[in-house]
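The values are calculated or read from the model by the stated rules, or taken from the named source; none is laboratory data. Not measured: the values here are computed from a predicted model. Cβ: placed from backbone, ideal geometry, glycine included. Neighbour counts: every protein chain shown. Only protein heavy atoms, including side chains, enter the accessible area calculation; ligands, DNA and RNA are left aside. Shrake-Rupley method; radii C 1.70, N 1.55, O 1.52, S 1.80 Å.
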Amino acid sequence: MADTKTNEAKISIKVFIDKVKKRVVYAEADHSFVDILFSFMSMPLGTIVNILGKHPDATFEALGSLNNLYQSLKDFPERYFVTEECKFMLLNPRSLSYDHCKNLKLKIDDTEPVNHFFDGGLIKPHSYNSNVRVGGGGGGGVFVSDVATFIVTDDFSVMPYSATSLFGILTDLGINDTSHLEENTLDLSSKQMLHLLKIALSLDSPFTRLMFDNNNPILAGLVVPGSGSTSDQSVFIKKETNTSSKMVLEVCLQKSTGKLLFAEAKEDFVEFLFCFLSIPLGTVIGTLMNGASSISCMDNIFKSISSMSVGRYLKSEEIKDMLLKPHFGQQYSSKYQLFPLKGISTTQKVINSTYQLKDPRSNEQLLRPSGMFFVTDDLGVSPSSSQLAMNTLAKYKVTLNDIEKYEISIGLEEGLKLLKVSLQSRSTLTSILERHLKK
C-alpha cells in the first residue's frame, strides 16, 4: 500500500523564533500561505464550524456558541423547514467565491460540492460553471501575486516584505540583537493549517502556540530545524435602526440567582440565528463589526487586506472586494434578517444554457410558521416541549416558585451583540441580554 503521507500536499514557511523569550517573532511566506490566510475571510461561519468539527481538539474550542448552533441545525427536524433543500443549504453554506478557493494549494474546505436545484431539475456539481467571475492578473496566486514575499506576524498581520517593515517589527518587540533569532521551516499540511486556523480563532499568538505546543500529536514532525479589539458601532446602529424590525424573546430566569434557564422564541428568531451560519467571516468583521470582531487575528487579516495595494500585491480590485465584502447567494437571505445584508441572485451555466437557480425558500422564509422553540444560553435550538422545560428545571434544581419570565425585544443592536458574543462565548444569551435582565 502506498504511503499516502508522502504524497500529501504541503506548503512551507520560514518562522523566526526569539530563542530568549521562546516566541515566534514573524514568519516569511509566499503566496500559497497568504492565499489561504486571506481565503478565511470568504468562508461562511457555518463552513468554518463544519470543517473544524472534523478535526476535534479537546484543548480548546473555536467559535463559541456557533458550534452548538450548527449541531442544533443538523438535529433540527426537517418538517419545520419550508423545503428540505433549505436545511441542506444552511448546513452547506457557500459564498460566491467558493470556486475561486478551489485553486488554493491546500484543500482547506473538504466538504462535498452541493447540488443546485432549478425549476427544470437538478444540476450536479460537476456539470456547471458559476457565472460569478473575478478579475485578476495572471500567475499562480489566487488572491495575491505569486512573485511577492510576505511577512506574517504572530498575530496574523500580513505585509509585503521590506527591510523597513521587518526592522520596525523587531524594534516594536524590543529586539535589537538579531543573533537571538533562530530560523525554522514549517511544512504545513491541510490538517495542520486547519489547526492553525483553530488557534487563531480562539487565542492570540498562533505561531508561537503552534511551535511550542509539544503535547499536541498533530504537530509531530512539523518543524524542520534550519487581544481582542473593540469598535464603536453606534454610527452603524443609528443609521440602520430605523429600518430594522424587532423580535420577541421570552426569557425564563431563576429568581434567587438571576441565572438564565432558557428562552422561547418563534420561528423568526430561530431563522435569524440559523442565518448566522451563512454569513462569510469577512462580512461579519467588515460590514457588521467595523473591522473589530474581538477575534484579533482575524481582524488583523482583514486590516491587512484593506491596506494592501492592488496590482503589485493583491491581484485586482475585484479580488479585494471579494475578500472584504464576500457575497452570498440570494437563497441565504431571510425576511427575518435583522442585519442590512442581502444575497445576490445567481445563475448557473450548464453546457450551453443558463438557468436561474431555484429558490428553496417560500416568501423569503426558510422555516414554516409553527409553535415555539426552545433556546439555551449556548444557542442550542430545538422545538419546545414540556419535557425540555422540566429537564432544565431538574438539571439546575430550580423549583416552580423560583422562576420568573421576561419578554425581551431583539432588534439590530441586540442582534449584533448576539453575533459578536457567539463567536467566542458559550454564555451567549446571558452575556448579550445582561442589561435587560438586571433586576
*Condition test on Ala394, is it over 17 Å from Leu288 (Cβ atoms), at pLDDT 90 or above, surrounded by 14 or more Cβ atoms within 10 Å (Cβ to Cβ) and of a type in the set (A, V, I, L, M, F, W, C)?*
no
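Looking at segment 410-417, is at least one residue open to solvent by less than 30 Å² (accessible area, probe 1.4 Å) and under 18 Å from Gly46 (Cα atoms)? Reasoning before the result, please.
The first filter runs over segment 410-417 and keeps only residues open to solvent by less than 30 Å² (accessible area, probe 1.4 Å), leaving 410-412, 414-416.
Among the residues that remain, those that are also under 18 Å from Gly46 (Cα atoms) are: 415-416.
Yes, there is a match, as at least one residue in segment 410-417 is open to solvent by less than 30 Å² (accessible area, probe 1.4 Å) and under 18 Å from Gly46 (Cα atoms).
Scan segment 88-100 and give yes if some residue there is assigned to a helix (DSSP H, G or I), open to solvent by less than 60 Å² (accessible area, probe 1.4 Å), under 23 Å from Ser189 (Cα atoms) and touching a helix residue (DSSP H, G or I) at 6+ places or on another chain (Cβ under 6 Å), otherwise no. Spell out how you get there, then give the answer.
In the first step, residues of segment 88-100 are kept if they are assigned to a helix (DSSP H, G or I); the result is 88-91, 98-100.
Filter once more, keeping what is open to solvent by less than 60 Å² (accessible area, probe 1.4 Å): 89-91, 98-100.
From what is left, the residues that are under 23 Å from Ser189 (Cα atoms) are 98-100.
Pick out the ones that are also touching a helix residue (DSSP H, G or I) at 6+ places or on another chain (Cβ under 6 Å) and you get none.
No, every residue in segment 88-100 fails to be assigned to a helix (DSSP H, G or I), open to solvent by less than 60 Å² (accessible area, probe 1.4 Å), under 23 Å from Ser189 (Cα atoms) and touching a helix residue (DSSP H, G or I) at 6+ places or on another chain (Cβ under 6 Å).
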*(1) under 30 Å from Lys397 (Cα atoms); (2) open to solvent by less than 10 Å² (accessible area, probe 1.4 Å): which one isn't true of Ser278, the others all being true?*
(1)
*From the residues in segment 318-337 that are open to solvent by less than 20 Å² (accessible area, probe 1.4 Å) and farther than 10 Å from Leu96 by Cβ, which one is modelled with the lowest pLDDT?*
Tyr332
*Test set (1) modelled with pLDDT under 95; (2) open to solvent by 60 Å² or more (accessible area, probe 1.4 Å) - Ile199 fails condition number*: (2)
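Could we say that Leu429 is of a type outside the set (D, E, K, R) and farther than 30 Å from Ala200 by Cβ here?
Values: of a type outside the set (D, E, K, R): yes; farther than 30 Å from Ala200 by Cβ: no.
So Leu429 does not fit the description; no.
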*Quick one: in segment 153-196, which of the residues that are open to solvent by 70 Å² or more (accessible area, probe 1.4 Å) and under 29 Å from the mean Cα position of the chain (by Cα) is modelled with the highest pLDDT?*
Tyr161
_Selected residue (criterion: most open to solvent (accessible area, probe 1.4 Å)) from residues of segment 47-85 that are more than 21 Å from Asp109 (Cβ to Cβ) and in a helix (DSSP H, G or I)_ = Arg79
*Kindly establish whether Thr59 is of a type in the set (S, T, N, Q), closer than 20 Å to Ser190 by Cβ and at pLDDT 90 or above.*
no
*Is it fair to say Thr399 is over 22 Å from Phe269 (Cα atoms), more than 20 Å from the chain's Cα centre (by Cα) and not small (Gly, Ala, Ser)?*
yes
